[in-house]
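The values are calculated or read from the model by the stated rules, or taken from the named source; none is laboratory data. As the structure is a prediction and not an experimental result, all values here were calculated from the model. Using ideal geometry, Cβ is built from the backbone for each residue, glycine included, and neighbour counts are taken over all protein chains shown. The accessibility values were calculated without ligands, DNA or RNA, using every heavy atom of the protein model including side chains. Shrake-Rupley method; radii C 1.70, N 1.55, O 1.52, S 1.80 Å.
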Amino acid sequence: MPAKAYRYAIPAAYFENDDIRRYGFHGTSHKYVARRTAELVGKTEFKMINCHLGNGSSLCAIKDGKCQDTTMGLSPLAGVPMGTRSGDIDACVVQFICNKYGMSVDDCLNMLNKKSGVLAISEKSSDFRDLEAGRDEGDEKCILALEKFFYEVAKYIGAYAAALNGIDVLTFTAGVGENGPETRQAICDYLGFMGVKIDAEANKVRGKEALISTPDSAVQVWVVPTNEELMIAQDTAALVKNA
């Protein structure tokens, strides 16, 4: 990532002395999907946003195969709401909760990591399948949890489209991204201003590579199942070869 993406706007000493910066996570997944997408679209120079959506979720803005920005930060807590993680939050929320409830910072961060996200909003489950079942039964808290998730993912896609100065390909991967047709559709419904058009029939796919956008969509939208194990094996082989 360029420095403008990974540096936090805090005193430089924390970066220089303690290496506090945006690192991001799901790197092996984003790397695999970026490479596989290049093979699928038949070119290496293009702008893409990869949505790794699951119990842990992160988005990555990629240009010509290189990461330009990603939603997770120093830790996996940052970015969109997840199964049990809050995602982005005003740091003063931590101060307020700690002061009012006599909670330590560590305890508060434990709450933000393990008791927040869609679990907290739905008050039901961190499993998106349970949330969808609750939504179908009219559970308003499950409906809100899903709507919050779709909204935040779409908002980051819009931001990253601006960061890349355009987008050619949008990809969905990981448990929810690969197996959630309704999730993909709901997120893409926000992206009409970008010319994104989803083929409803093609979007019924689960767990398989597929182009799910229409021929006249301004952005190609793909489902690309991740293969982190293969990426780790290939990276390990490369390291051993060059050792």
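Of G87, G158, G177, which is the most mobile in a GNM of the chain whose springs link Cα atoms less than 10 angstrom apart?
G158
Only one of the listed values, (i) 71, 26, 13; (ii) 28, 22, 17; (iii) 29, 25, 17, was derived from the coordinates as semi-axes √(5λ) of the Cα gyration tensor in Å; which label is it?
Here semi-axes √(5λ) of the Cα gyration tensor in Å agrees with entry (iii).
If you take every DSSP beta bridge fully contained in the chain, what fraction is antiparallel? Give it as a percent rounded to 5.
60
How high is the relative contact order of region 102-243, given as a whole-number percent (alpha carbon pairs under 8 Å, six or more residues apart)?
Relative contact order for region 102-243 comes out at 17 percent.
Would you please give the FRET efficiency between R206 and F96, computed as 1/(1 + (r/R0)^6) with r the Cβ-Cβ distance and R0 = 35 Å, to the nearest 0.05?
0.25
Decide, for region 23-157, between rounded, prolate and oblate: order the square roots of the alpha carbon gyration tensor eigenvalues as a ≥ b ≥ c, take rounded if a/c falls under 1.5, and otherwise choose prolate if a/b is larger than b/c, else oblate.
Details: a/c = 2.85, a/b = 1.51, b/c = 1.88.
Verdict is oblate for region 23-157.
Name the residue, out of A12, A218, A133, whose mean-square fluctuation peaks in a Gaussian network model built on the chain with Cα pairs under 10 Å.
A12
For region 67-155, what is the relative contact order in percent, using Cα pairs closer than 8 Å and at least 6 residues apart in sequence?
About 26 percent, as a whole number.
Longest span of the chain, sites excluded, free of trypsin sites (Lys or Arg not before Pro) in DSSP loop with at most 12 other C-beta atoms within 10 Å?
44-205
Determine the sum of side-chain charges near A154: Lys and Arg each +1, Asp and Glu each -1, restricted to other residues whose C-beta is under 12 angstrom from that of A154.
Numbers: positive: K148, K155, R184; negative: E147, E152, D189.
Result for the local shell: 0.
Region 87-173: which GluC sites (Glu not before Pro) are DSSP loop and have at most 14 other beta-carbon atoms within 10 angstrom? Mind dumping the intermediate values first?
Values: sites: E123, E132, E137, E140, E147, E152; in loops: E123, E137.
Taking region 87-173 and a limit of 14 other Cβ atoms within 10 Å, the loop GluC sites (Glu not before Pro) found are E123, E137.
Based on alpha-carbon centroids, what's the gap between region 77-116 and region 19-39 in Å, whole number please?
Here the answer is 25 Å between Cα centres.
What part of the accessible area of region 97-240, given as a whole %, is carbon or sulfur when the probe is 1.4 angstrom?
Roughly 52 percent of what the probe reaches on region 97-240 is carbon or sulfur.
Rolling a 1.4 Å sphere over the protein heavy atoms, what is the accessible area per residue of region 1-109, to the nearest Å²?
52
Roughly how many Å² of Y101 are accessible to a 1.4 Å probe, to the nearest 10?
Accessible surface of Y101 is approximately 150 Å².
Which residue, I20, I97, I167, has the most motion in a Gaussian network model of the chain that connects Cα atoms within less than 10 Å?
Judging by the Gaussian network model, the answer is I97.
Given a 1.4 angstrom probe, what's the average accessible area per residue across region 169-233, in square angstrom?
Accessible area per residue, region 169-233: 45 Å².
Given contacts defined as C-alpha pairs under 8 Å and at least six residues apart, what's the relative contact order of the chain, whole-number percent?
Computed over the chain, the figure is 19 percent.
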